[in-house]
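Inspection log for the structure reproduced underneath, given as structure tokens.
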Amino acid sequence: RGQNRPKNMKGPLVPLVLALTISSAGAFAFTTTTPTRISSKLYATGPATPSDPFRIGTRGSPLALAQAYETRKRLIENFPELAEEGAIEICVMKTQGDMILDKSLMELGGKGLFTKELDTSLLNNEVDICVHSMKDVPTWLPDGTVLPCNLPREDTNDAFIAGDGSVKSIADLPDNAVIGTASLRRQAQLMAKNPTFKCVNFRGNVQTRLRKLDDGVVDATLLAIAGLKRMDMDGCATSVLDWDEMLPAVAQGAIGIQCRSDDERSLKYIDALNHPDTKACVDCERAFLAALDGNCKTPIAGQARIVGGEMLFRGLIAMPDGSELYETSASGAVSDAVSMGTKAGEELKARVGDKFFEMMVEMSPQLAPGQVTSK
């Protein structure tokens, strides 16, 4: 497997991945301590002064670093004083979700696994802002923090990547195909299409997952095309799935920037970076997720887009094995984004009934039928 790549991909994936890892985030070195800084200068707690470096907190994966450097670039474009050497500092830290890779997110307990350490550093004034993949951010934020900024959104769809060049789509996969994914959302939609599929718990960064695919551990995998594009790796995608094939995760493709609620300097900087249309869509989707009390134990998808000045929303909830799947849709004014998402979630929650969620609780401590584990 892995030898028949798209025409613009030559040779094995791993060397290409390593090269892109270096080029996507610039030349730097860091260790795995928490937090790790590019500069080792320490700062006292209290309000920052204009001469203090502006500190960006981020996870250490190649994708997270690419997003942090994108934020840095946009800050410099909007605020010339931040272009000076040493004006911005990238603070890299590992989260629990990064360190425990042999268990599914469902088993580990949810999305906060990728944000807790960053939240702590923010509240301890070790960083000024935190840059997140919005789909990793819980629907609640710690007291004393806000997330008022979303950068312009990338393509929200999922990419399908097959190890066999003759397989071009999900429909081409044979019965009993093994698909690598740690996402219950993807698993549920895949198994709704073909209950014979075997979904392998497939965690690690993008490079690790592609290497496993190249090694023949699985027949195919799915990744957010946004992350691949941000690392200039979208050429490895076999195809990009539309919403009818695979409805994306809530907030997929969006970058969010969090800061302390009383930090006027940070609020001024990130307010200039906010993309209102992206923020409205993400707020709608997260309101839908909150209404369903969704987490990594619940297969939920939700996407909003603005067309002709009107917001259009689609959402779904499913059993992990795909045996039940319920969908909803809504449309309305962009200014009603949050209420639209909330109402859609409440309507769907009422429609599926309490029994559905009772079954979900019974299933969540264990692997859904069709799911196997792989290290």
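The values are calculated or read from the model by the stated rules, or taken from the named source; none is laboratory data. For clarity, every value in this text was computed on a predicted model and none was experimentally measured. Every residue, glycine among them, receives a Cβ derived from its backbone with ideal geometry; neighbour counts consider all protein chains shown. For the accessible areas, the whole protein counts, side chains as well, though only heavy atoms, and no ligand, DNA or RNA atoms are used. Shrake-Rupley method; radii C 1.70, N 1.55, O 1.52, S 1.80 Å.
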Simple label model, 7 Å out from Cα along Cβ direction - D244 to S323, nm: 2.9 nm
Using amide H atoms built in the peptide plane, which far-off residues or other-chain residues are under 5 Å from A177 H to H? K198
So the number of lysine pairs in segment 259-362 with alpha-carbon atoms under 22 angstrom apart, 8 or more residues apart or on different chains, is 6
Below 8 Å, C-alpha to C-alpha, sequence gap of six or more: please give me the relative contact order for segment 226-324 in percent. 26 percent
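Quick one: length gained pulling D172 to K116 fully straight, 0.36 nm per residue minus the C-alpha distance?
Here the answer is 16.2 nm.
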Fully extended contour minus Cα-Cα distance, from L267 to N125, at 0.36 nm per residue: 49.7 nm
Counting Lys and Arg as +1 and Asp and Glu as -1, each charge on the Cβ, what is the dipole of segment 220-276 about the Cα centre in debye, to the nearest 20? 220 debye
Accessible solvent surface per residue of segment 168-274, calculated while the other protein chains remain in place, 1.4 angstrom probe, Å²: 32 Å²
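Tell me, what is the percent relative contact order of segment 165-250, built from C-alpha pairs under 8 Å that lie six or more residues apart?
Reported as a whole number, the value is 31 percent.
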Please enumerate, by chain and number, the aspartates and glutamates with C-alpha under 14 Å from the C-alpha of K229, excluding those fewer than 8 residues away in the same chain. E70, E154, D155, D158
Give me, ordered by chain and number, the residues 5 or more places off A182 or on other chains with an amide H under 5 Å from its own placed amide H. F202
How much length would be gained if the chain were fully extended between I306 and I76, taking 0.36 nm per residue of separation minus their Cα-Cα distance, in nm to one decimal? 79.9 nm
Rounded, prolate or oblate (a/c below 1.5 giving rounded, otherwise prolate when a/b exceeds b/c) for segment 260-308 by Cα gyration tensor: oblate
